[in-house]
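This report refers to the structure that appears directly beneath it.
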Amino acid sequence: ALRTTGIVLLLIVWLGLSAVLVVRGVAEFWYGKGIQAFAKDAIATARDDAAITARLLPGDLRAQLAIAQATIVLAEKQDASSSLHDDARRMVANLITDASEDPALLLGTASAASRLAGTTPEAASLVRDALLALDRIAPENPALQMLLGDAFAQTNQEEFVVEHYARAVALRPGFVDVYLHWAQFAATAGDVPMAMDLGMQAARVAPSAREPLVFLVNILLSRRGPGDEDRAILALQTLLAQHPDDEQAQAVLAGVLESVHRLDEAKVLYQKLQTVHPENTTFQQNLSRIDAALEAARVSSTPATTQQ
């Protein structure tokens, strides 16, 4: 009798485990279908599939995140006052708490929150809260510190912006993106000297990168203080030495050279651009203007003939 009872109990356990495995298998099937639907931009279907997964596996936070992500995309396609935005914000807030020990889920939640950041001031704080929760798990991650700086920049909390950008730089001194994000924040805040200094640091850290030089040129040409145009010319020449086919840099350099009356150099660049793009009438107009200026300068420098 004891043996029979044991067999029955084992059978019950086996059936229970089999049922659990079947349910999980079915849930994974719907979760996979949801991912495929999301990739094909069938967002409503993706949300429904994720909801089935969540019903089969009530504690599966992946499914909850998938529902939140799909809800956010659906909300973006509707009016800003849509109740879907409220639903999405509530889901993200719950995930920040529920996924507090899972770095991958927190990162996904932070990414979802970032899409909500522009809807309300409270939504912007969700990004920060998700990243702060992640920071408690992985405080030594420089990319996370940069994202935290970005999140605090969204809410104009300068003290924390500087703290996290500085921590990111300390963790990875060669992380050029941090310098650029920090520089952009400084420029937006009106601290142009700080922005310039950070842009220069980025250029030193990554001397062959295009982005630091482009940032510096933009700052210099926006400010146009004494010597700024010459500095912009030097930065553009450096950029073109490393990226000789950068047509945008060629066009900007030609314009700056023309503005400081270095017409022969500007003409060479415009001719090069027109050769590549003969249909571009702007380059032809620029060349005609420079030719006229050069001719006027030549005539004005020619001594007048004296009548005998």
Test: residue in region 112-119 that is surrounded by fewer than 20 Cβ atoms within 10 Å (Cβ to Cβ), under 12 Å from A151 (Cβ atoms) and within 22 Å of the chain's Cα centre (by Cα): yes
Some residue of region 270-282 being within 27 Å of F185 (Cβ to Cβ) and either under 25 Å from the mean Cα position of the chain (by Cα) or open to solvent by 40 Å² or more (accessible area, probe 1.4 Å) (or both): no
Some residue of region 125-148 being more than 22 Å from S100 (Cα to Cα) and surrounded by fewer than 21 Cβ atoms within 10 Å (Cβ to Cβ): no
Odd one out for D48, checked against (1) open to solvent by 60 Å² or more (accessible area, probe 1.4 Å); (2) over 22 Å from V127 (Cβ atoms); (3) modelled with pLDDT under 90: (3)
Test: Q36 is at pLDDT 85 or above, of a type outside the set (G, A, S), more than 23 Å from H85 (Cα to Cα) and part of a helix (DSSP H, G or I): yes
Residue in region 246-259 that is of a type in the set (S, T, N, Q), more than 25 Å from L180 (Cβ to Cβ), over 22 Å from the mean Cα position of the chain (by Cα) and surrounded by 14 or more Cβ atoms within 10 Å (Cβ to Cβ) present: yes
Whichever residue in region 231-245 is touching a helix residue (DSSP H, G or I) at 6+ places or on another chain (Cβ under 9 Å) and farther than 13 Å from R210 by Cα and, among such residues, is most open to solvent (accessible area, probe 1.4 Å): R231
Set L105, L2, L15: member being at pLDDT below 85 and open to solvent by less than 70 Å² (accessible area, probe 1.4 Å): L105
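Per-residue answers, yes or no, for (1) among the basic types (K, R); (2) part of a helix (DSSP H, G or I); (3) closer than 27 Å to A170 by Cβ; (4) in contact (Cβ under 8 Å) with a residue 12 or more places away in the chain:
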site: Q69; (1), (2), (3), (4): no, yes, no, yes
site: D87; (1), (2), (3), (4): no, yes, no, yes
site: S100; (1), (2), (3), (4): no, no, yes, yes
site: S111; (1), (2), (3), (4): no, yes, yes, no
site: A124; (1), (2), (3), (4): no, yes, yes, yes
site: R128; (1), (2), (3), (4): yes, yes, yes, yes
site: E140; (1), (2), (3), (4): no, no, yes, yes
site: A143; (1), (2), (3), (4): no, yes, yes, yes
site: M146; (1), (2), (3), (4): no, yes, yes, yes
Residues of region 204-217 satisfying the condition of being open to solvent by less than 90 Å² (accessible area, probe 1.4 Å) and not aromatic (F, W, Y): V205, A206, P207, S208, A209, R210, P212, L213, V214, L216, V217
Odd one out for A296 among (1) open to solvent by 90 Å² or more (accessible area, probe 1.4 Å); (2) farther than 30 Å from A202 by Cβ: (1)
Residues that are buried (at least 16 other Cβ atoms within 10 Å of the Cβ) and among the charged types (D, E, K, R), drawn from region 173-198: D177
Region 148-165 - residue that is part of a loop (DSSP other than H, G, I, E, B) and out of contact with any Ser or Thr (no Cβ under 8 Å at 6 or more places or on another chain) and, of those, modelled with the lowest pLDDT: N156
Any hit, region 149-162, residues being within 26 Å of L253 (Cβ to Cβ) and within 18 Å of the chain's Cα centre (by Cα): no
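Residues checked against (1) of a type in the set (A, V, I, L, M); (2) outside any helix (DSSP H, G or I):
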{"position": "N218", "(1), (2)": "no, no"}
{"position": "G225", "(1), (2)": "no, yes"}
{"position": "R231", "(1), (2)": "no, no"}
{"position": "A249", "(1), (2)": "yes, no"}
{"position": "P278", "(1), (2)": "no, yes"}
{"position": "D291", "(1), (2)": "no, no"}
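The values are calculated or read from the model by the stated rules, or taken from the named source; none is laboratory data. Predicted model only: the values in this text are computed from it and were never measured. Note that each Cβ is placed from the backbone with ideal geometry, even for glycine, and that neighbours are counted across all protein chains shown. Please note that ligands, DNA and RNA were not included when accessible areas were found on the heavy atoms of the full protein model with its side chains. Shrake-Rupley method; radii C 1.70, N 1.55, O 1.52, S 1.80 Å.
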